[in-house]
Amino acid sequence: MSEKLQRTPPYRDTKVSVERTKAQIMELLRSYGVEGIQWTEYRGEEDLKFIVQAEVKGVKRELMIQVKPPQMFTRRRVKGRGLVTVPHRKQAYRLLYYWLKSKLEAVMWGLSSIEQEFLSQVTVALPDGSTTVGDIMRDYIARDALTALPAPEPERKTVKAEVTEA
């Protein structure tokens, strides 16, 4: 969904700093047994990666999850500068914290599974540079290459032959 609703940003009045929220996110993840927690900042963008244990079709796996905090901005009048775009980093990180908390609680209390909650954020390494299952699926959807049902099997023809001895 690329269309954004015109609403007041969530957690608009938060006083919690980005650093404090990041620490709370790490504390939250550790409390649910998550390992390998890593924050990375590159070219002005930040992402969070962590490893979760999941049992997928009876096989235990370690899945790396990659999440980017949302980019939240509003336009505001600033004295002497007119209308400017203002980032809402504190609010974005609070939103990320509560999003992760709700997903982990859903898994903990049996409402969902790890792979269902985080499938689109599972990292993969493909030659084309795709990094998450969600990236791959968005590409398929954009190309209209995602079919609802598998393609039908080609019809097989049977040829009857007799072997004769000469």
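The values are calculated or read from the model by the stated rules, or taken from the named source; none is laboratory data. These numbers come from a predicted model, not from an experiment. Using ideal geometry, Cβ is built from the backbone for each residue, glycine included, and neighbour counts are taken over all protein chains shown.
Each row is one residue, and each column tells you yes or no for (1) without any contact (Cβ under 8 Å) to a residue 12 or more places away in the chain; (2) more than 15 Å from the chain's Cα centre (by Cα).
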| position | (1), (2) |
| --- | --- |
| LYS49 | no, no |
| VAL59 | yes, yes |
| VAL84 | yes, yes |
| HIS88 | no, yes |
| TRP99 | yes, no |
| MET108 | no, yes |
### Task
Report whether or not GLY134 is surrounded by 10 or more Cβ atoms within 10 Å (Cβ to Cβ) and closer than 30 Å to GLN24 by Cβ.
yes
#### Entry: Of all residues in segment 59-84 being β-branched (Val, Ile, Thr) and under 21 Å from THR8 (Cα atoms), the one that is surrounded by the most Cβ atoms within 10 Å (Cβ to Cβ)
THR74
### Query
Given the conditions (1) more than 20 Å from GLY134 (Cβ to Cβ); (2) surrounded by 13 or more Cβ atoms within 10 Å (Cβ to Cβ); (3) modelled with pLDDT of 90 or more; (4) out of contact with any Phe, Trp or Tyr (no Cβ under 8 Å at 6 or more places or on another chain), and given that PHE50 satisfies all but one, which numbered condition is not satisfied?
(1)
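Quick one: in segment 22-47, of everything that is acidic (Asp, Glu) and closer than 17 Å to TYR93 by Cα, which residue is surrounded by the most Cβ atoms within 10 Å (Cβ to Cβ)?
GLU46
If the requirement is being within 22 Å of MET137 (Cβ to Cβ) and touching a Pro at 6+ places or on another chain (Cβ under 6 Å), which of these qualifies: LEU48, LEU63, LEU100, LEU96?
Values: LEU48 fails: touching a Pro at 6+ places or on another chain (Cβ under 6 Å); LEU63 fails: touching a Pro at 6+ places or on another chain (Cβ under 6 Å); LEU100 fails: touching a Pro at 6+ places or on another chain (Cβ under 6 Å).
When all the criteria are applied, what remains is LEU96.
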### Query
Being in a strand (DSSP E or B), in contact with a helix residue (DSSP H, G or I) (Cβ under 6 Å, 6 or more places away or on another chain) and crowded, with 16+ Cβ neighbours inside 10 Å, is that true of even one residue in segment 93-106?
no
